[in-house]
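These notes concern the structure reproduced below.
What follows is calculated from the coordinates using simple rules that are stated; it is not laboratory data. Bear in mind the structure is a predicted one, so any value in this text is a computation, not a measurement. Glycine gets a Cβ as well: all are built from the backbone with ideal geometry, and neighbour counts include every protein chain shown.
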Amino acid sequence: MAYECRYCGRPLDAGNADHAKFWPFCSERCKMAELGLWFQDRYVINRPVDQVADDAALKAARKPPPDRKRSDG
Ligand SMILES: [Zn+2]
């Protein structure tokens, strides 16, 4: 599975010392920037959860097509 820096989206490599040190960020800069967002805006913790909820709502709203046999042919 591929990981990305939570802040800048750069691909992360677990074998990279910096990446491992600041995981899940690629660098101290990105880590601090992300932490700054927490304090500035009370960063929305459940953003991924919202995405999952949206997806579930979409699936629930999208009913399967009726199992109708074709009459033509
Ligand atoms: Zn980064």
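Residues whose amide H lies under 5 Å from that of residue 4, counting only those 5 or more places away or on a different chain, are 12; hydrogens are built 1.01 Å from N in the peptide plane.
Within a straight-line Cα-Cα reach of under 24 Å, residue 69 can be paired with the following lysines, leaving aside sequence neighbours fewer than 8 residues apart in one chain: 59.
Cβ-Cβ distance of residue 62 and residue 3, R₀ of 30 Å, FRET efficiency by 1/(1 + (r/R0)^6): the value works out to about 0.45. Phi angles of region 28-36 translate, via the Karplus equation with coefficients 6.51, -1.76, 1.60 and θ = phi - 60°, into HN-Hα couplings of 4, 4, 5, 4, 5, 5, 5, 4, x Hz per residue; Gly and Pro are given as x.
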